[in-house]
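Chemist: Take a look at this one; I'll ask things after.
The values are calculated or read from the model by the stated rules, or taken from the named source; none is laboratory data. Only a predicted model underlies this, so the values are computations on that prediction, with no experimental measurement involved. A quick note on method: Cβ atoms are made from the backbone with ideal geometry, for glycine too, and the neighbour counts reach across all protein chains shown. Each accessible area value is taken on the protein alone, full model and side chains, heavy atoms only, with ligands, DNA and RNA left out. Shrake-Rupley method; radii C 1.70, N 1.55, O 1.52, S 1.80 Å.
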Amino acid sequence: IIAKLGAFNIRNWASDIQSNLNDMGVDAFAKIVYTPNRTEGISALIQTTGMGGLSPNCILASWPFSWVVNSEARVRFISTLQACGVFGKAVIIAKEGHSFPKSGKTMTGPIDVWWLTSDGGLLLILPFLLQKHQVWRQCRIRLYTVISTSDDPAEMKAQVQAYVDDFRLPLEVHTVQVPPAVLQQVGSRTHWRRGRARTDPQDEGSPAHREGNLMTDPGPRGGLQAALGAAMRQERENPFAVAEERLTSSVPCDGPMLDAAKSLNKVFQKASASSSLLITNLLPIPRNLSAFGYMQFQEHLTADLTRVLLVRGTQDNVMTEFT
């Protein structure tokens, strides 16, 4: 393939990309990889970009708009997520990318962060990084946590507020109640606990204490711990691990899970109608769901939202007491 194109054309492509980046005010290096297909090219870029410790730790990609009719787009997207999981890369997916503002524009609506599951803290750090740019500098940040209707909203809000205060994060904290069945379907684990285990020897034998410092590694609360154990172990291995038959399958998402996505989407739309940007978790793929079903679930979860960033950390803590 390279022989047919010639060295001159290869250099021109890199030059064109670099020129486009410069025009958009993006400080970045352009790199191209020639491969027989795009999936292999993306995998090669994830593995080879950078040098030693200067390799990027986060991959930014767009949501494939043609995934419904184009099975190759689905396979390529999930394969990219798999590669990121294998090589320890965080993932940020831009949905409705065409609606994102250009560099010269200033947004004034809030940045809404919907915390559905713990990912090491990237979800909470990202909006503050965005505020460093003039586009988002005027936006305040609101943090929404989804809790069960059986929980006490005031108590849960106080716990979340204490957690973000520990890290000195200037966030507006909000809690939103949804039925327990919805939380069960989406595997919500927005669970926060303050760092009592660091100093209280009575907690040293607890499962939560053994998992890590609760200041930086919030884990499941109460009876959810056992139920979520298998899912958490899968996430530590690779949250997007999908067997070949599920990767190419067109089996749709099951009814209860799809209904949960639609219910949460209504909550998103009601609370974040005035937001300039909505940021939420890119949830792991359940073991019994096909690639098609997973894409369908994420599509309904974020339907009719102006612009969305789906974020998946590596489970390594990026937030510490010195953040």
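Chemist: Kindly establish whether Asn238 is buried (at least 16 other Cβ atoms within 10 Å of the Cβ) and either modelled with pLDDT of 90 or more or basic (Lys, Arg) (or both).
Modeler: Answer is no for this residue.
Chemist: Evaluate the following for Leu123: is it farther than 21 Å from Ser274 by Cβ, within 16 Å of the chain's Cα centre (by Cα) and in a helix (DSSP H, G or I)?
Modeler: No: the conditions fail for Leu123.
Chemist: Another question about this same structure. Would you check if Trp114 is under 14 Å from the mean Cα position of the chain (by Cα) and surrounded by 17 or more Cβ atoms within 10 Å (Cβ to Cβ)?
Modeler: yes
Chemist: Using beta carbons and a limit of 6 Å, which pairs, at least six apart or on different chains, have the first residue in region 161-175 and in a loop (DSSP other than H, G, I, E, B) and the second one surrounded by 14 or more Cβ atoms within 10 Å (Cβ to Cβ)?
Modeler: Phe167/Met319; Phe167/Thr323; Leu171/Ile141; Leu171/Leu143; Leu171/Val164
Chemist: Kindly indicate whether Gln202 is modelled with pLDDT of 50 or more and open to solvent by 20 Å² or more (accessible area, probe 1.4 Å).
Modeler: In short, no.
Chemist: A further question on this structure: Residue check, Asp119 against (1) among the charged types (D, E, K, R); (2) surrounded by fewer than 19 Cβ atoms within 10 Å (Cβ to Cβ); (3) modelled with pLDDT under 90, all met but one. Which one?
Modeler: Answer for Asp119: the failing condition is (2).
Chemist: Here is a follow-up. Which members of region 46-69 meet the condition of being open to solvent by 60 Å² or more (accessible area, probe 1.4 Å) and outside any loop (DSSP other than H, G, I, E, B)?
Modeler: Gln47, Thr48, Gly52, Gly53, Leu54, Leu60, Ser62
Chemist: Among the residues of region 90-108, write down those that are modelled with pLDDT of 90 or more and out of contact with any Leu (no Cβ under 8 Å at 6 or more places or on another chain).
Modeler: If the condition is that a residue be modelled with pLDDT of 90 or more and out of contact with any Leu (no Cβ under 8 Å at 6 or more places or on another chain), then Phe100, Pro101, Lys105, Thr106, Thr108 are the ones that fit.
Chemist: Looking at (1) open to solvent by 20 Å² or more (accessible area, probe 1.4 Å); (2) hydrophobic (A, V, I, L, M, F, W, C); (3) over 17 Å from Arg312 (Cβ atoms); (4) out of contact with any strand residue (DSSP E or B) (no Cβ under 7 Å at 6 or more places or on another chain), which one does Phe100 not meet, given that it meets all the others?
Modeler: The single condition Phe100 does not satisfy is (4).
Chemist: Oh, and also: Which residue, of Val33, Val69, is more than 21 Å from Leu282 (Cβ to Cβ), touching a Gly at 6+ places or on another chain (Cβ under 7 Å) and of a type in the set (A, V, I, L, M, F, W, C)?
Modeler: Checking each option against the conditions leaves just Val33.
Chemist: Name, by its number, the condition in (1) modelled with pLDDT of 90 or more; (2) open to solvent by 10 Å² or more (accessible area, probe 1.4 Å) that does not hold for Ile279.
Modeler: (2)
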